Amino acid sequence: MDARQSRAARTLFVVAVVAYGLDRITKIWAEATLPGSPIDVVPGVLTLRFTTNSGGAFSIGQSAPWFFVGVSAVVVVIILATSFRHTRRIVGAGLGLVLGGALGNLTDRAFRDEGFRGRVVDFIDLHVWPIFNLADAAIVIGAIVLAWVGTRERPGERKEQPEPTAAPR
């Protein structure tokens, strides 16, 4: 592993730990503070409101929470298995956000309620979107970062230039 791979892997793990830690802390706080007492941070725009969700985004798949446990576990394994292959820190940061978010929601599903059929804690209500948590936000932001990086030219690489064609005679 070269120095660039090491820096990218270190970035991945630091970002994952921070994302996971913030998700866990905020969910513990939300579960202890918000049930029955939502907080209007900006009335009509942002409310902190405790709820749980056994499904995925938009509460899809509520009857199969085990599916989301499996998907989260696969995502975690793939990211960990490929974590030392990347050389760009921005890729490490994007993967770290996805990893931290996936671990946060996997922890909820595996260790809350009845275990491996559990529900995630959601508490951020923007009134125009389904209620979500920091793990969800980390996953979405990480995916956006990775998509953006995928559309960008890598440093030191030139885009293919079309071969000049001979002028018609």
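For segment 45-73, the set of residues classified as modelled with pLDDT of 95 or more and not hydroxyl-bearing (Ser, Thr, Tyr) consists of 45, 46, 48, 49, 50, listed by residue number.
Of all residues in segment 123-164, those being part of a helix (DSSP H, G or I) and either modelled with pLDDT under 65 or of a type in the set (Asp, Glu) (or both) number 1. Take the conditions (1) crowded, with 22+ Cβ neighbours inside 10 Å; (2) within 19 Å of residue 29 (Cβ to Cβ); (3) in contact with a Phe, Trp or Tyr (Cβ under 9 Å, 6 or more places away or on another chain); residue 126 misses just one of them, which is (1).
Condition first: closer than 23 Å to residue 3 by Cα, modelled with pLDDT under 90 and assigned to a helix (DSSP H, G or I). Now tell me which residues in segment 79-114 satisfy that. Answer for segment 79-114, where residues must be closer than 23 Å to residue 3 by Cα, modelled with pLDDT under 90 and assigned to a helix (DSSP H, G or I): 79, 80, 81, 82.
Checking the structure you have, find out if any residue of segment 33-44 is in contact with a Pro (Cβ under 9 Å, 6 or more places away or on another chain) and either at pLDDT 85 or above or over 14 Å from residue 134 (Cβ atoms) (or both). Checking segment 33-44: not a single residue is in contact with a Pro (Cβ under 9 Å, 6 or more places away or on another chain) and either at pLDDT 85 or above or over 14 Å from residue 134 (Cβ atoms) (or both).
The values are calculated or read from the model by the stated rules, or taken from the named source; none is laboratory data. Bear in mind that the values here come from a model prediction, so they are computed numbers and not experimental data. Glycine gets a Cβ as well: all are built from the backbone with ideal geometry, and neighbour counts include every protein chain shown.
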